[in-house]
Amino acid sequence: MDLIQLKNKVQEKDNARNKLLGQKSMLVDNLKNLGFDTLADAKTEIVKLEKELAKMNKHYNSGVEEFKKKYAHLLK
């Protein structure tokens, strides 16, 4: 590689880095608008909501099965 190719490659890497930093900045700003101080706070909330959703889905599915057993004669 010659000097021009190396310079172009470094410039491409720098542009990609700046793009990623800009995306991170936008993500953090959007999270702050949603009420989260950090990315870790948002991840913690996601885990909490996923657990709650799994619990709700389990309850819903058991309700559906109970409904199907109780009213099977009406579903046909």
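The numbers here are math on the coordinates, done by the rules we state, and not lab data. Every value quoted in this text rests on a predicted model; they were computed, and no experiment measured them. A quick note on method: Cβ atoms are made from the backbone with ideal geometry, for glycine too, and the neighbour counts reach across all protein chains shown.
Computed quantities for the displayed model
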item	result
Degrees, to the nearest 10: 3-33 long Cα axis against longest axis of the chain	40 degrees
Computed [θ] at 222 nm, helices only, for the chain once each DSSP H run of length n ≥ 4 contributes -39500 (n - 2.57)	-31000 deg cm²/dmol
Degrees separating the helix 39-70 axis from the principal Cα axis of the chain, which is the longest one	20 degrees
Partner lysines for residue 76 [C-alpha distance under 22 Å; skip if fewer than 8 residues away on the same chain]	68
Size of electric dipole in the chain: Cβ of Lys, Arg +1 and of Asp, Glu -1, about Cα centre, debye, nearest 20	400 debye
Region 37-76 - charge dipole about Cα centre, Lys and Arg +1 at Cβ, Asp and Glu -1, debye rounded to 20	480 debye
Label point distance in nm, residue 73-residue 40, each placed 7 Å from Cα along Cα→Cβ	6.0 nm
Lysines whose Cα lies under 23 Å from that of residue 7, excluding same-chain neighbours fewer than 8 positions away	19
Counted charge near residue 76, where neighbours are those whose Cβ lies closer than 14 Å (Asp, Glu -1; Lys, Arg +1)	+3
Highest-MSF residue in the chain out of 19, 32, 43 [GNM, Cα springs under 10 Å]	19
Length added when fully stretched, residue 10-residue 59, from 0.36 nm per residue minus Cα-Cα	12.1 nm
Rg(Cα) / (2.2 N^0.38 Å) computed for region 37-76, rounded to two decimals	1.90
Structure-derived mean projected area of the Cα convex hull in nm² - corresponding label in [x] 12.8; [y] 10.7; [z] 5.6	[y]
Cross-link pairs 43/69; 24/48; 9/43 - those with Cα-Cα distance over 31 Å	43/69; 9/43
